[in-house]
Amino acid sequence: MLRTKEAYHEKLFAMRPNIFIGGERVGRDDPRLRPGINVLDITFDLAQDPEWKKLATAASSVTGEEINRWAHLPQNPYDLIQKQKLIRLGARRAGGCIQRCMGHDAINALAICTKEMDLANGSDYHQRFLDYLKVYHGQDLDGCCAQTDSKGDRMKRPSEQQDPDAYLHIVEERKDGIVVSGFKMSITQAPYADEIIALPTRALGEADRDFAVAFAVPADIEGLSLITRPVWLRDKDNPEAGPFCRYGVSDCIVFFNKVFVPKERVFMCGEWQFGRRLALLFADSHRHSYSGCKPAVSDILCGAAALAAEANNVAKASHIKEKLSEFAGAAELAYAAGIAAAIYGEKTASGVFFPNEIYANVGRRLTGETIYHEYNLLTEIAGGIAVTMPFSGDFEQGENKEALERFIVRNPNLSPEASRKIWQFVENVGASSMASWYKIAGVHGGGSPIMETIALNIGYDFEDKKSVARYLAGISESLDDSRMRDMEPYASEND
Ligand SMILES: Cc1cc2nc3c(=O)[nH]c(=O)nc-3n(C[C@H](O)[C@H](O)[C@H](O)COP(=O)(O)OP(=O)(O)OC[C@H]3O[C@@H](n4cnc5c(N)ncnc54)[C@H](O)[C@@H]3O)c2cc1C
């Protein structure tokens, strides 16, 4: 089933008001949440749009129904490449984060891990999860992913924390479900999601058994508070401002205070041996999603920088051309890593097709490394106006309107209006609250850079590289080519 954005709003605005902003309890119709809801609207609109329907929808592997691709479990490399392309398409429209990939990555991780737990332990989590997914597909639900725990003292394990709520944990196990408590943090789009999908954030030991918990709950369930930090742009309500100003985001502390989760929605309950696996399945899937969204952020920064160069009439200068080419490298190398991750991915026991971890991690690491540099390129090209420009009102009315129309023109081929729009866009993209959000999300979203280093240190075949060096150095007589033989793109006659 495909919902329209109007149907999404109707359900959203009827939810229990468990959102808190600045000490006040507010409804989901609070105007500060609207910029984020506008982003989600794009994801519903694309699925209705005849031009993009093929990309934005898929046939459910669970029910066969037409569903939004954000709820689809990828079955082959094509599905992963389509996801990546959809993210880039949506993110270019939203001016950045499209916000639905976390839910997508969470359901993938659960589909794979529940199957693996069942194979190891004889449990029945996978069927339970598929039953839940039928509802998710049937109602075209949107889930956010609550993985990151508040974590308290970083040097202590979950079970060693002074406050057990530093990590989400099981408080009570009943026949009909579990009771959970704890803080998840930095959870994007939780206040306008239908569902919260909770997963463990790290590897767990036996003593951490109660912290091995995964489930999905409605975002307004009793006992749940969403302490919300919305981000919006100053001109969000200005009809003269461009579409970029309409969009924003909200992140939450998700506080579970003795929340009851019915058994049919519990997908991990004490299987601490699988904590690491489930955490990494989400993280690696999410790192692959970055190979779609981060190129879009580079597209936007590159476009803003090119327009700034035009407005300053310096577009022909060689240093500008060199700087612009760096955006091309950042965007397309990350995108290429995503395609490689799809082609060299693997079919898991669940039937879900999973991206290759090495390519997903090198792509994500590259994007984290380049993000501040890309903002710096924009700043260098644009000059200081991004943080010193008067507010829109001064250009639209008052005594200085005419003077400012002259002031704003640098390139005589551009009108005062076009010049002003370029510089306001540069400010919004490069020097606003949203810009700071993108910089920090670019570093830490999907896991801090050290997490990609750890993943590569575990997964990358350094012995293979040593064997090449040994052969070329004349230490060993033959070259072991087994790694090159193993590097086959995924191909199946069924897909
Ligand atoms: C904009 C934004 C949106 C996000 N959205 C989501 C979301 O939707 N869902 C979600 O689940 N998460 C989300 N996150 C959270 C994100 O995954 C985390 O920020 C990331 O995993 C890092 O965790 P942290 O912020 O707690 O930083 P920390 O873990 O505190 O890391 C800070 C630094 O401390 C170091 N460090 C931490 N622990 C140790 C240790 N034991 N030993 C040595 N060094 C250590 C790290 O390497 C890092 O350098 C979001 C984050 C951001 C910024």
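Values in this text are rule-based calculations from the coordinates and carry no lab data. Just so you know, these numbers come straight off a predicted model, no measurement behind them. Glycine also receives a Cβ, built like all others from the backbone with ideal geometry; neighbour counts cover every protein chain displayed.
Length gained on full extension, LYS401 to ASP237: 57.0 nm, using 0.36 nm per residue less the C-alpha separation.
The order of LYS465, LYS5, going from fewest to most other C-beta atoms within 10 Å of their C-beta, is LYS465, LYS5. With point charges of +1 on the Cβ of Lys and Arg and -1 on the Cβ of Asp and Glu, referenced to the Cα centre of the range 280-458, which listed residue (VAL314, VAL297, ALA360) lies farthest in the positive direction of the dipole? Checked the options; the winner is ALA360. Using θ = phi - 60° in the Karplus curve 6.51 cos²θ - 1.76 cosθ + 1.60, the 3J(HN,Hα) couplings for the range 315-325 round to 4, 8, 5, 5, 5, 5, 4, 5, 5, 4, 5 Hz; x is entered for Gly and Pro. Each Cα pair under 8 Å and six or more residues apart adds its sequence gap; the mean of these over the residue count of the chain is a relative contact order of 16 percent. Electrostatic tally near TYR132: other residues with Cβ closer than 9 Å to its Cβ, Lys and Arg +1, Asp and Glu -1, net +1. The loop-placed trypsin sites (Lys or Arg not before Pro) in the range 297-360, going by DSSP, that have at most 13 neighbouring Cβ atoms within 10 Å of their Cβ come out as LYS316. Taking Cβ atoms as reference points and 13 Å as the exclusive limit, the residues near GLY223 contribute a net charge of -2, counting Lys and Arg as +1 and Asp and Glu as -1.
Each Lys and Arg adds +1 at its Cβ and each Asp and Glu adds -1 at its Cβ; summed about the Cα centre, the chain shows a dipole of about 500 debye. Remark: the range 197-211, residue by residue, has Karplus-estimated 3J(HN,Hα) of 9, 9, 9, x, 9, 7, 5, 10, x, 4, 5, 9, 3, 5, 8 Hz, where x stands for each Gly or Pro and the curve is 6.51 cos²θ - 1.76 cosθ + 1.60 at θ = phi - 60°. For the range 46-174, the Cβ-based charge dipole about the Cα centre amounts to some 680 debye (Lys, Arg positive; Asp, Glu negative; other atoms uncharged). May I ask which residue of ASN457, MET434, PHE407 lies farthest towards the positive end of the charge dipole of the range 280-458, with charges of +1 (Lys, Arg) and -1 (Asp, Glu) on Cβ and the Cα centre as origin? Toward the positive end, the furthest listed residue is ASN457.
Under 5 Å from the amide H of SER250 lie the amide H atoms of GLN189, VAL231, each residue being 5 or more positions distant or on a separate chain, with H modelled from the backbone and absent for Pro and chain starts. Annotation: the residues THR370, THR114, sorted from fewest to most other C-beta atoms within 10 Å of their own C-beta, follow the order THR370, THR114. Amide H to amide H distances under 5 Å link ALA146 with ILE197, ALA198, LEU199, where only residues 5 or more positions off or on other chains count and H is placed in the peptide plane. When the charge dipole of the chain is built from unit charges on Cβ atoms (+1 for Lys and Arg, -1 for Asp and Glu) and taken about the Cα centre, the candidate among PHE327, ILE385, PRO239 whose Cα reaches farthest toward its positive end is ILE385. Backbone phi angles across the range 31-40, fed through the Karplus curve with coefficients 6.51, -1.76 and 1.60 (θ = phi - 60°), yield HN-Hα couplings of x, 6, 8, 4, x, x, 4, 4, 5, 4 Hz in residue order; Gly and Pro are listed as x. Shown for SER436, SER285: other C-beta atoms within 10 Å of each C-beta, ranked fewest to most, produce the order SER436, SER285. Electrostatic bookkeeping for VAL362 treats Lys and Arg as +1 and Asp and Glu as -1; over the other residues with beta carbon under 10 Å from its beta carbon, the sum is +1. The mean sequence separation of alpha-carbon pairs under 8 Å and at least six residues apart, normalised by the residue count of the range 280-458, gives a relative contact order of 29 percent.
Close amide H contacts of VAL171 (hydrogens built in the peptide plane, cut-off under 5 Å, sequence separation of 5 or more or a different chain): VAL179, VAL180, SER181. The dipole here belongs to the range 223-319: it is taken about the Cα centre, uses +1 on the Cβ of Lys and Arg and -1 on the Cβ of Asp and Glu, and is about 400 debye.
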